[in-house]
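Just so you know, all these numbers are worked out from the coordinates, no wet-lab data involved. In this text the structure is predicted, and so the values were computed from the model without any measurement. A quick note on method: Cβ atoms are made from the backbone with ideal geometry, for glycine too, and the neighbour counts reach across all protein chains shown.
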C-alpha cells in the first residue's frame, strides 16, 4: 500500500498565533510531526502544506520533505483541510492519505506504521483514526444545558461507578488515515467504517489555546524522556 503523509501547517491561528513554528523544548512545534513521519517505514512521500514562508524554509532543511505552497484561499480559519488534501493528491498517486496535524505532536514513526498496518489488514475499513481511552473525563460525567437545567448525555450511566462504565474513546487529532478512493468520493478524512488506533492517554496533547502551550512545555520533555505511557 502506498501511503502519502500530509502535514497541514497554516501560518495563521487565532488561538495561538504562530503556533506551528513556536519553539517547544528546543525545536519548532512542526518539527515533531516531520520527524515522526520521517521515522516511518511505511510512508512513501511527505508533504508539508503552508502559506507561511518561515515554515516552508524550516521544512526545506529536511531532504525528503516535499513543499506545498498553500493558496491564500485555502489558508483561512474557515478553510476545510480536505480542500488542501484534494489539491495535493490531484498530482500524485497513492492508495491512502495520512493527515498528521502539527498541533497534536506526540506520536512516533512506530505509531504511524501501526496505524497503516491496521488499514492494510482490514479491506472493509475506509478510515483509521487515533484515539485515547477516557476514564474520568467521560460522556457519563457530561451534560447538555437546556435552559437553566442540566440533562445528562448518558443518563443510564450518570450515577454508575467509573469502574463500571463502558470505555469511551476520544479522537486525539494525531493520526487520520483514509483510503484515497473513499476520500475522492466523499471529500472527507473520516469515512465509515472507521477503525480506531488507540494511543496512550498520557500522550494526549492538542494545541489550540494558550494554556495548551503551557501543557506542551511540560508534557513534551517528559514524553521525550520516556516518562509517559
20 Å reach of a label modelled at residue 77, 7 Å along Cα-to-Cβ, counting backbone N of the range 203-229: 206-213
Pairwise label distance in nanometres, residue 147 with residue 224, each label 7 Å out on the Cα-Cβ vector: 5.4 nm
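Which whole number in µm²/s is D for the range 116-229 by Stokes-Einstein, with the Kirkwood Rh taken over Cα pairs at 4 °C and 1.567 mPa s?
Values: Rh = 16.8 Å.
Translational D for this selection: 77 µm²/s.
Suppose the chain between residue 27 and residue 95 were pulled fully straight at 0.36 nm per residue; how much longer would it get relative to their current alpha carbon spacing?
Values: separation 68, 0.36 × 68 = 24.48 nm, distance 3.20 nm.
Answer, rounded to one decimal: 21.3 nm.
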Per-peptide average of other Cβ atoms within 10 Å, ordering 3-16, 108-121, 150-163 highest first: 3-16, 108-121, 150-163
Full-extension gain in nm, residue 122 to residue 57, via 0.36 nm per residue minus C-alpha separation: 19.6 nm
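Between residue 194 and residue 44, what FRET efficiency follows from the Cβ-Cβ distance if R0 is 25 Å, with the result rounded to 0.05?
Details: r = 23 Å, r/R0 = 0.91.
Rounded to the nearest 0.05, the efficiency is 0.65.
I'd like the projected area of the range 78-159, averaged over all directions, using the convex hull of its alpha carbons. Report it in nm² with one decimal. Please list the in-between numbers first.
Working: hull surface 38.6 nm².
With every direction weighted equally, the projected area is 9.7 nm².
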Distance (nanometres) between label positions extended 7 Å along Cα→Cβ at residue 202 and residue 136: 1.5 nm
Between helix 29-38 and the chain: long-axis angle, C-alpha atoms, 0 to 90°, nearest 10: 70 degrees
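Take every DSSP beta bridge whose two residues both sit in the chain, then give the antiparallel share in percent to the nearest 5. Before the final figure, lay out the partial values.
On the way: 17 of 38 bridges.
Here the share of antiparallel DSSP bridges comes out near 45 percent.
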Segment residue 64-residue 163, length gained on full extension (0.36 nm per residue, minus Cα span): 31.0 nm
Beta bridge orientation in the range 101-229: antiparallel %, DSSP, nearest 5: 65 percent
Correct option for Rg and Dmax of the Cα atoms in Å [calculated from the coordinates] among (i) 18.5, 57; (ii) 19.5, 76; (iii) 15.7, 49: (i)
